[in-house]
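Data first, discussion second: the structure below is written as structure tokens.
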Amino acid sequence: MQHSLSPFRRRAVAVTGGVLTLALAGLNSPAGAASYGTPTIALSAEYVSGAVGATGDPVVTVTVGQSGADASALTVAASASTKSSVAGTGNVTVTGSGATRQVSVAAQGRGYTDLTLKVTGVDGKTATKTLHYAASAAVQQGPDTRYLTGSSDASAAVDAGGGYVLVADDESNVLRLYNGSVSGAPVKTWDFSSQLGVSKEVDIEGATRVGDTVYWTGSLGNNKDGEYKSPRNTVFTTTVSGSGAATQLSYGKAYKKLRDDLVAWDEANGDRYGFAAGTEDGQVPKQVDGFNVEGLEFAPGSTSTAYIGFRAPLVPPKDGGRALIVPVTNFDKVVASGTKPVFGTPIELDLGGLSVRDIRKNAANQYLIVAGSWAADDNSDPYALYQWDGVAGHAPVKRMDLPTSDPGGWEAVVSVPDLSQSGARAQLLTDNGSADLYGDGTEAKDLTHPEWKKSRAAWFGVTN
């Protein structure tokens, strides 16, 4: 009986040299083995900064995969460290499952190390990525300290709600939104340089918020070489929508003559504060008789009268002099429509020979003043925190000396708690721009990678 091949088997017939060969698919072949690709690994950040003894240091998200395999079956671990005295493989913790894992590092010492992160597939194949890690030294108030990365020169801050904070940088015009409860990179950033019509930094040093409007002011002074730079003579507003992580900013208005107005006002009143001399070409702003603004806040119960707080000059311009605040009684109209400013009676405060580095109030018109030196030498100069009621003629009360053994100068108060309540705490920020964070002699503002630049935020008890 003649049998015919099925169509499938006919396709498997081959004739070679007159010999009929049957290559029946699947016949006498071994069971097919699973085929896996090379594992993949990606990091949410390849450069990260931590601190010895820190709480809430940044976490790096690691995404892994392997074709043909369930991502949950892959393993992730640190396999090498170039400097284990900074952080070794045993100081790396990996959590999570599936395709997304979280890596945290517990710093052991100050400095730099490259950590190798390795993913191992189900068949033993591996892939690696390098995490470039930098660790700063332990600080006082370690458990209450957070590090805001991406910038080292925090200079002004306002509360955005829900633990989030808007932070300005005196080395750029970028405004950053941070989650103030954890360390890490900004959630959002805005740069309004084009709207301001500037290409150099405004040198933002003060900020305050009224409703949905945030006012930002440049230092109004010369640069560190005593040169006039017009962008620094800028006050501008942004409008806030949303709050917390959903905060958005839009550009408002700007005024670029406040320095000139202050000089003219002082000259018309007998040159009492030496503003003309303090702004002359070649005059360094951070001198006891210099000209440098660092504080901005509104008067008690007012949305129109703003207090301009000076880092320099002291009054009189010598050791032990008083801090100077100049009220602008129509500040809202000055910025909104360019109205010529009207100046009120100056306020001179005894801050123990220190000057205003920031001033902030709450809805109850309770003020906190960060007081620091007018000098520009190092961050070990004295700093103190004062409470005030915002009333001219009423003396501020010293609440505490701020620690100066750690890197960074105290520059900003995020918000003022109810100072009538026991145990009230306030969050303060440092400008770390001139600090050597990692022990290599490099100032933070000059670090190569923005992820290694950072300012410090710490909580302090301000009432008993």
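The residue among 112, 336, 97 whose Cα reaches farthest toward the positive pole of the charge dipole of the chain, with charges on the beta-carbon of Lys, Arg, Asp and Glu, is 97. Taking the Cα centre of the chain as origin and assigning +1 to Lys and Arg Cβ atoms and -1 to Asp and Glu Cβ atoms, the resulting dipole is close to 2200 debye. Taking a straight line from the alpha carbon of residue 445, these lysines sit under 21 Å away, with near neighbours fewer than eight places off in the same chain left out: 188, 200, 224, 229, 286, 453, 454.
So how tilted is helix 258-268 from the main axis of the chain? Cα-based, degrees 0 to 90, rounded to 10. Here the helix axis deviates by roughly 10 degrees.
The mean sequence distance of close C-alpha pairs (under 8 Å, at least 6 residues apart), as a share of the length of the chain, puts its relative contact order at 12 percent. Computed 3J(HN,Hα) for the stretch 451-458, one whole-Hz value per residue from the Karplus formula 6.51 cos²θ - 1.76 cosθ + 1.60 where θ = phi - 60°, is 5, 8, 6, 7, 9, 10, 10, 9, glycine and proline marked x.
Between 164, 77, 236, the Cα set farthest toward the positive side of the dipole of the chain (charges on each charged residue's Cβ, about the Cα centre) is that of 77. Normalised by the number of residues in the stretch 121-264, the average gap of Cα pairs under 8 Å and 6 or more apart makes the relative contact order 17 percent.
The spacing between the stretch 372-393 and the stretch 169-183, judged by their C-alpha centroids, is 22 Å.
This model, with +1 at the C-beta of Lys and Arg and -1 at the C-beta of Asp and Glu, gives the stretch 40-136 a dipole about its Cα centre of some 160 debye.
For the peptides 143-151, 390-398, what is the packing order when you average, over each peptide's residues, the other Cβ atoms within 10 Å and list the highest mean first?
Going by the mean number of other Cβ atoms within 10 Å, highest first, we get 143-151, 390-398.
Got the relative contact order for the stretch 169-236 handy, in percent, Cα pairs under 8 Å and 6 or more residues apart? Taking the mean separation of contacting Cα pairs over the length of the stretch 169-236, I get 26 percent. The charge dipole of the stretch 365-464, taken about its Cα centre with unit charges on the Cβ atoms of Lys, Arg (+1), Asp and Glu (-1) only, comes to about 440 debye.
Read the figures in this text as sums done on the coordinates, not as results from a lab. Only a predicted model underlies this, so the values are computations on that prediction, with no experimental measurement involved. So basically every Cβ, Gly included, is an ideal-geometry build from the backbone, and we count neighbours across all protein chains shown.
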